[in-house]
Number of protein chains: 2
Amino acid sequence: MKRRRTQSQAKILNILKSSGSALSHEMLQSELEAEMDRATIYRVLNRFYDDGLVHKVVGDDGIQYFAYCAGCDKPNNKHNHNHFHFKCLKCGNVECLQDKIQIPLPKGYVLKDFNGLISGYCNRCS
Amino acid sequence: MKRRRTQSQAKILNILKSSGSALSHEMLQSELEAEMDRATIYRVLNRFYDDGLVHKVVGDDGIQYFAYCAGCDKPNNKHNHNHFHFKCLKCGNVECLQDKIQIPLPKGYVLKDFNGLISGYCNRCS
DNA sequence: TTTATTAATGCGACTTTGTTGCAAAATTAA
DNA sequence: TTAATTTTGCAACAAAGTCGCATTAATAAA
Ligand SMILES: [Zn+2]
Ligand SMILES: [Zn+2]
Ligand SMILES: [Zn+2]
Ligand SMILES: [Zn+2]
């Protein structure tokens, strides 16, 4: 299944890139001002995710946030998102924390994925 | 508002204690075999959470898992759940990892809450 | 350029997780 | 036993996300 270059995808990718934050479907929708359908946004995001173009964080609220992959480790094209994310309780911004962490696992455990979100107040809001 | 001792709460707390894992609403419901209403389970869990009896983890799937608080730090009665959780992709078990972690934050950031979930295969399933 | 192929979109219906209003039932206190 | 108030059950609701299907649009072939 070969990917095609569509307006929708270009717009969404643009927003993700220029925002520098992890964005939820809702944030994107309001940015796009109903230029495209809800389902399309979800599908585009999932496609980006499958293609390794973005990574995903899930909030305490169960909402998915997608961030453009900038400084991600990619050993043999497999992403390794070993960093925390921070969600500001005041301004709502969700950002990647740059520090790479190492995830400790007991003997016999195999890591497949990691989702780490810190909530609080960012430097602009504290 | 004073709490009352009800059957429902006792049963749910029992299951949480004896399981030793973090349980979702669905897991509890199947364990309880329709002994009580969906909404009641949710309300009991939220009550436990508010009272600091359990803590909560949110999975990549956005589902809430509740774990009985056993070895939690409680400086002046405020919980401090500075540990990761592990969710096995095969057996579905969600457990607290004992290692206490310290969460790194850039200058000017204030931590309020933390949700960290590692997915993979547990020692019994790997 | 025109046509054919098939991926992407829009729309609506649907699922799942969780919450809420309200009357009835169950705890606790008087 | 009675009164006061918390919990529960039920049903309706809300929000996030997914899916089927017909239509549109991007790519490739002719
Ligand atoms: Zn902020
Ligand atoms: Zn990130
Ligand atoms: Zn397992
Ligand atoms: Zn825990």
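No value in this document is a laboratory result; all are computed from the given coordinates. The structure presented is a predicted model; accordingly, all values stated were derived computationally and were not measured. Cβ placement follows ideal geometry from the backbone for every residue including glycine, while neighbour counts extend to all protein chains displayed.
Residues whose amide H lies under 5 Å from that of B:HIS83, counting only those 5 or more places away or on a different chain, are B:ILE101; hydrogens are built 1.01 Å from N in the peptide plane.
Measuring label to label, 7 Å along Cα→Cβ, what does B:MET1 give against each other copy in nm, shortest first? The answer, with the shortest distance listed first, is 4.6 nm. Among B:CYS122, B:CYS91, the ranking by other beta carbons within 10 Å of each residue's beta carbon, starting with the fewest, stands as B:CYS91, B:CYS122.
Phi angles of the stretch A:30-47 translate, via the Karplus equation with coefficients 6.51, -1.76, 1.60 and θ = phi - 60°, into HN-Hα couplings of 6, 5, 7, 6, 6, 6, 8, 6, 3, 4, 5, 4, 4, 5, 4, 4, 5, 5 Hz per residue; Gly and Pro are given as x. For B:ASP60, the point set 7 Å out from Cα toward Cβ sits 2.2 nm from its twins in the other copies, listed from shortest up.
Counting from the shortest, the label point at A:ASP37, 7 Å from Cα toward Cβ, is 3.7 nm from the same position in each remaining copy.
Based on the Kirkwood radius over alpha-carbon pairs, what is the Stokes-Einstein translational diffusion coefficient of the stretch B:4-71 at 20 °C with 1.002 mPa s viscosity, in µm²/s? The Stokes-Einstein estimate is 180 µm²/s. Tell me whether chain B comes out rounded, prolate or oblate; compute the Cα gyration tensor, take square roots of the eigenvalues as a ≥ b ≥ c, and use a/c under 1.5 as the rounded threshold. Judged from the Cα gyration tensor, chain B comes out oblate (a/c at least 1.5, b/c at or above a/b). In sequence order, the stretch A:51-62 has phi-based couplings of 7, x, 8, 10, 10, 10, 10, 10, x, 4, 7, x Hz under the Karplus curve 6.51 cos²θ - 1.76 cosθ + 1.60, θ = phi - 60°, and Gly or Pro positions carry x. The alpha carbon centroids of the stretch A:1-16 and the stretch B:79-101 are separated by 36 Å. Nearest chain B C-beta to the B/A rotation axis, reported as residue and distance in angstrom, is B:GLY62, 2. Evaluating 6.51 cos²θ - 1.76 cosθ + 1.60 at θ = phi - 60° for every residue in the stretch B:20-26, the Karplus couplings come out as x, 10, 8, 10, 8, 3, 5 Hz, glycine and proline recorded as x.
Every helix of 4 or more DSSP H residues in chain A counts as -39500 (n - 2.57), and over all residues that averages to -8000 deg cm²/dmol at 222 nm.
Working from label points 7 Å from Cα in the Cα-to-Cβ sense, the A:HIS25 to B:GLN102 distance is 4.0 nm. For the stretch A:7-120, DSSP calls about 75 percent of its internal beta bridges antiparallel. Distant-in-sequence amide contacts of B:ALA22, defined by a placed amide H-H separation under 5 Å and a gap of 5 or more residues or a different chain, comprise B:VAL94, B:GLU95, B:CYS96.
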